[in-house]
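Colleague: What follows is a structure written as structure tokens; I'll ask about it next.
The values are calculated or read from the model by the stated rules, or taken from the named source; none is laboratory data. From a predicted model like this one, the values you see are computed outputs, not experimental measurements. Here the Cβ positions follow ideal geometry from the backbone for every residue, glycine too, while neighbour counts run over all protein chains shown. Ligands, DNA and RNA are stripped out before the accessible areas are found, and what is left, the full protein with its side chains, is counted by its heavy atoms. Shrake-Rupley method; radii C 1.70, N 1.55, O 1.52, S 1.80 Å.
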Amino acid sequence: MLSQRELESFRKELENMKQQIQSNFNSSSSELDTLRDNEPRDEGDHASVERGHAIVNTLMDKQSEKLEAIERSLERIKIGTYGICDACGEEISIERLKVKVFADYCISCREVIEKERA
């Protein structure tokens, strides 16, 4: 069971990550606006702009997924279930939480899930 001190430390880390992602979203939105504002002059410019859009969109999708996981973890801290595996209900090791503060699964369950996806 995590101590109040550990929970507070994880909550602060999650909040910092959340703020960073939101900042990244703002920056990415500005980059997309800049890409849209630049009028492609030829096919090469057009291809470059399209590639830029694809990269920014992919990064934003990944950041959105991470933000959702962070928000789930923050909610779990509020309701007292943070650090409990979604699959087996056992505690997630503090070592795993230190590596991936928004982990939903313990190592064993994560391995099973990844094998099933493969």
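Colleague: Net charge near residue 106: determine it from the other residues with C-beta under 10 Å of the C-beta of residue 106, scoring Lys and Arg +1 and Asp and Glu -1. It would help to have the intermediate numbers written out before the result.
Modeller: Numbers: positive: 96, 110; negative: 86, 90, 91, 104, 111.
My count for the surroundings of residue 106 gives -3.
Colleague: Straight-line reach from residue 12: which lysines have a Cα under 19 Å away, not including same-chain ones fewer than 8 places off?
Modeller: Within reach: 66, 78, 98, 100.
Colleague: Follow-up question, since we're still on this one. Using a probe of 1.4 angstrom, how much of the accessible area of the chain is carbon and sulfur, in percent?
Modeller: Exposed carbon and sulfur together represent 46 percent of the surface.
Colleague: Hey, can you grab everything whose amide H is under 5 Å from the amide H of residue 84? Only 5+ residues off in sequence or another chain; H modelled, so Pro and N-termini drop out.
Modeller: 92
Colleague: I've got another one for you. Can you give me the accessible area per residue for the chain, using a 1.4 Å probe, in Å²?
Modeller: Here the per-residue accessible area is 71 Å².
Colleague: Now for a separate question. Fully extended, how many nm does the chain gain between residue 87 and residue 48 (0.36 nm per residue separation, minus their Cα-Cα distance)?
Modeller: 9.7 nm
Colleague: Using the alpha carbons of the chain, what is the convex hull volume per residue in cubic angstrom, as a whole number?
Modeller: Enclosed volume per residue, from the Cα hull, is 109 Å³.
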